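**Student:** Sharing a structure, written as structure tokens. Questions coming.
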Amino acid sequence: MLAFIIQRLFQSVLVMLTVALIAFALFNYVGDPINNMVGQDTTQADRERLRQDLGLNAPFVVQFARFVGHAVQGNFGLSYQQARPVGQIILEKMPATLELSFMAAFLALLLGVPMGIYTGLHRSSWGSQALLAISLVGVSLPTFLIGILLILIFAVLLGWLPSFGRGAVVHIGWWTTGFLTAEGWRAIILPAITLALFQMTLIMRLVRAEMIEVLRTDYIKFARARGLSNRAVNFGHALKNTLVPVITITGLQLGSIIAFAVITETVFQWPGMGLMFIQAVSFADIPVMAAYLVLVGFFFVIINLKSPPPARCLRVPCRGRGGHGSPTAICGGAFAARR
Amino acid sequence: MTVVAASVACVIIGAALLAPLIAPHDPYDLASVSLLDATDPPAWLPGGNWSYLLGTDNQGRDVLSTIFYGTRVSLLVGCSAVLLSMLLGVTLGLIAGWRGGIADTMIMRVADVQLSFPAILIALLIDGVAHSLLPREVQTRITLYVLIAAIALSYWVHFARTVRGSAMVERSKEYIQAARVIGVHPARIVIGHLLPNVIGPVLVIATINLATAILTEATLSFLGVGLPPTEPSLGTLIRVGNDYLLSGDWWISVFPGTVLALLILSVNLLGDWLRDAFNPKLR
């Protein structure tokens, strides 16, 4: 177990270094950093001096080490577009993305789990057929299209909810929150639904598959034989055993929620990190892009560190360490939906 | 259900292929486009014009015709990206499965790492980085290829893993050993004997990935890092239409969106059907 943990930690560090290397290459070799800093009338000698002062003549390894050192302290240089420290910009944008992502994850769990239980228990009922059909459509519809449709219906035609932005926010230290104003709550509804929809269908299918699998097992039959009520069997025994993989997968999905937030934020002009990245791309704002790259890499490494990655659990049965449940089925299902 | 999906897919693909013949207008012929006709609503609404069945966009182009041409671009990008990722994935998978050892470890380590990030994020990063790297003049000309490469690079893992798995199983079978014993060149064994026996599941994955590739392209174009408005795909059309959504001109984005959703849904259903029909093991 200890060897496993060490191996995982080592792997994570390796991944982070790779991501940092890509970011560093972007940062240093795309265009000339000196040109980005000085005016056109700077002499060649001054440029060389600046290059020397900034350590841009140092060997590659030294420069890279310096970059990593700065990155660890959250120092990514100045944004070309806004001429402010990138770390500061990211810190400003992060609360918006995190609030949206957690709201979406919460919604997905709140609706997805009961829907999964329902469709798992009443497999052939009319309602669960309808839910499954809707979920197929939900998986096929692109996220941005769902967002556009929601804007069209609820913002343009009905005029109930705002179509862009975060509404009024309250500052708590460096954190800004939209949860303390009515306007902020109204603003988060549509983006959160858009972001949650895909994850909701995923969780629903996962819970359904797990419920069906667990309900077939002997201990459920035994519980029924003991004369326990349906309610006790379904919720006390069956549901409890389906929740472990659900929590694992939801944890893993948090990363993809943050990734998909890029799309949702663009549709709703939500002032988070995703929108910041898209804007940085169109302005070729390399420091911001590099910082976003490192940050997202970091999020994913942390998320994957806490729970075994899909690849790991897919391989487990091959090694004959299978044991309880069927990890292949769980991850296979998650993959089929994520694709 | 499958029949419906197949016919919807056929109609859309047929319309895309025949776009120059059946489109009522040529949306990229500047002579026939008039700004006076801009943002006309669909024909059945007040103010609509029957020569523009689904209305016109902000530059007076016929929405129906732009959809035909846009679907063409979307399908082109989707198919090329899938073919390219298939080529890449199958090659790497064969190398990993056949050689084993350090090559296998390295390829699969990269695959593992890549698999822990969502594919769309990787495509977005590759495409975004390429976008800011290239100078503006070059950009518009090669955007198409960059996009195809970005999508292909983010989806090769599925192919590689599948091929590696089956290659490792096949490798130890008798016909491969027999070929080795009689001294067939390894390259010939891999291509002539191994490849035909591992290619089955690959074709199924390719169909399923086609829908995803089209979706990824549309998403990237919608985000503005994909195809430019001069060469619009369905995603670009939706992006353009999105700017006019708030002023009530819903048809510019909703019709391309509907076609995109129908296309993806039908390809998905066909892929699922193929999977069940040809390979019950994958279920």
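Only the coordinates and a few stated rules stand behind these numbers; no lab work does. Just so it is clear, the structure is predicted and the values come from calculations on it, not from any experiment. Here the Cβ is made from the backbone with ideal geometry for all residues, glycine too, and neighbour counts use every protein chain on show.
**Student:** Taking only Cα atoms and a 10 Å spring cutoff, compute GNM fluctuations for chain B and point out the largest among B:V113, B:V82, B:V181.
**Tutor:** The residue that fluctuates most here is B:V181.
**Student:** Measuring from label point to label point, each 7 Å out along Cα→Cβ, what is the B:Y175 to B:L203 span in nm?
**Tutor:** Here the answer is 1.5 nm between the modelled labels.
**Student:** Okay, next question. If you take each beta carbon of peptide A:5-18 and count the beta carbons of other chains within 10 angstrom, what is the mean?
**Tutor:** Rounded to a whole number, the mean comes out at 1.
**Student:** Radius of gyration and Dmax for chain B's Cα atoms, expressed in Å?
**Tutor:** 22.3, 78
**Student:** Continuing with the same structure: So what's the net charge close to A:V156: Lys and Arg +1, Asp and Glu -1, counting the other residues with Cβ under 15 Å from its Cβ?
**Tutor:** -2
**Student:** Starting from the exponent 0.38 and prefactor 2.2 Å, build the expected Rg for the stretch B:80-214 from its residue count and divide its actual Cα Rg by it.
**Tutor:** Rg over 2.2 N^0.38 Å, computed on Cα atoms: 1.20.
**Student:** Now, a different point. Which value does Rg/Rh take for the stretch B:148-283 over its C-alpha atoms, Rh per Kirkwood?
**Tutor:** That ratio is 1.18, to two decimals.
**Student:** Can you run phi through the Karplus equation (6.51, -1.76, 1.60; θ = phi - 60°) for the stretch A:42-47 and list ³J(HN,Hα) in whole Hz, with x for Gly and Pro?
**Tutor:** Values, residue by residue: 6, 6, 4, 5, 4, 4 Hz.
**Student:** Just to be sure I understand: if I project the alpha-carbon convex hull of the stretch A:85-239 onto a plane and average over all orientations, what area do I get in nm²?
**Tutor:** Here the figure is 12.7 nm², rounded to one decimal.
**Student:** Still on this structure, please answer the following. Under the classification rounded if a/c is under 1.5, otherwise prolate if a/b is larger than b/c and oblate if not, where does the stretch A:135-222 fall, given a ≥ b ≥ c as square roots of the Cα gyration tensor eigenvalues?
**Tutor:** Taking the square roots of the gyration eigenvalues as a ≥ b ≥ c, the stretch A:135-222 is oblate.
**Student:** Run the numbers on chain B and let me know its relative contact order in percent, using alpha-carbon pairs under 8 Å that are six or more apart.
**Tutor:** 23 percent
**Student:** So if R0 is 35 Å, what FRET efficiency would B:D243 and A:L305 give, r being the distance between their Cβ atoms, rounded to the nearest 0.05?
**Tutor:** Taking R0 as 35 Å, the efficiency between B:D243 and A:L305 is 0.25.
**Student:** Step through the residues of the stretch A:201-212 one at a time and calculate ³J(HN,Hα) from phi using the Karplus curve (6.51 cos²θ - 1.76 cosθ + 1.60, θ = phi - 60°), rounding each to whole Hz and writing x for Gly and Pro.
**Tutor:** Taking θ as phi minus 60°, the curve returns 5, 4, 5, 4, 5, 5, 4, 4, 4, 5, 4, 4 Hz for the stretch A:201-212.
**Student:** Let me ask something else. Could you pull out every residue, at least 5 positions away or on a different chain, whose amide H is within less than 5 Å of the one on B:L54? Hs are placed 1.01 Å off N in the peptide plane, and Pro or chain starts have none.
**Tutor:** Sorted by chain and number, the residues that satisfy this are B:A43, B:V63, B:L64.
**Student:** Placing one identical point scatterer on every Cα of the stretch A:53-125 and ignoring solvent, what is log10 I(q)/I(0) from the Debye formula at q = 0.13, 0.18 Å⁻¹?
**Tutor:** So the normalised log intensities work out to -0.64, -0.85.
**Student:** Right, next: Helix-only estimate, please: 222 nm mean residue ellipticity of chain B, summing -39500 (n - 2.57) across DSSP H runs of length 4 or more and dividing by its residues, to the nearest 500.
**Tutor:** -24000 deg cm²/dmol
**Student:** Moving to a separate point now. Please identify the helices of chain B, taking whole runs of DSSP H, that span at least 24 Å along their own axis as judged from the Cα atoms and have a mean Kyte-Doolittle score of -1.0 or higher.
**Tutor:** B:63-99, B:136-171, B:195-223, B:251-278
**Student:** Determine the equivalent ellipsoid of the stretch A:132-177 by diagonalising the alpha-carbon gyration tensor, then write out the semi-axes as square roots of 5 times the eigenvalues, largest first, rounded to whole Å.
**Tutor:** So the equivalent ellipsoid measures 29, 16, 8 Å along its semi-axes.
**Student:** Please give me, ordered by residue number, the chymotrypsin sites (Phe, Trp or Tyr not before Pro) of the stretch B:196-283 that lie in loop per DSSP and have at most 10 other Cβ atoms within 10 Å.
**Tutor:** The qualifying sites: there are none.
**Student:** Another question, if that's okay. When the Karplus curve 6.51 cos²θ - 1.76 cosθ + 1.60 is applied with θ = phi - 60°, which whole-Hz ³J(HN,Hα) does each residue of the stretch A:254-264 get, with x for Gly and Pro?
**Tutor:** 3, x, 6, 5, 5, 5, 5, 4, 4, 5, 4
**Student:** Once amide H atoms are placed 1.01 Å from N in the peptide plane, what residues at a sequence separation of 5 or more from B:Q59, or on another chain, have their amide H within under 5 Å of its amide H?
**Tutor:** So B:Q59 has HN proximity to B:T39.
**Student:** Can you tell me the order of B:71-77, B:193-199, A:203-209 when each peptide is scored by its average per-residue count of other Cβ atoms within 10 angstrom, highest first?
**Tutor:** Sorting B:71-77, B:193-199, A:203-209 by mean packing, highest first, produces A:203-209, B:71-77, B:193-199.
**Student:** Sorted by mean Cβ packing within 10 Å, highest first, what order do the peptides A:155-162, A:250-257 take?
**Tutor:** The most tightly packed comes first, giving A:250-257, A:155-162.
**Student:** What's the extension gain from A:Q82 to A:W174 if we count 0.36 nm per residue and subtract their Cα-Cα distance?
**Tutor:** Value of the extension gain: 31.2 nm.
**Student:** Based on the Cα gyration tensor of the stretch B:182-249, what are the three equivalent ellipsoid semi-axes, each the root of five times an eigenvalue, rounded to whole Å and given largest first?
**Tutor:** Values for the stretch B:182-249, descending: 45, 12, 6 Å.
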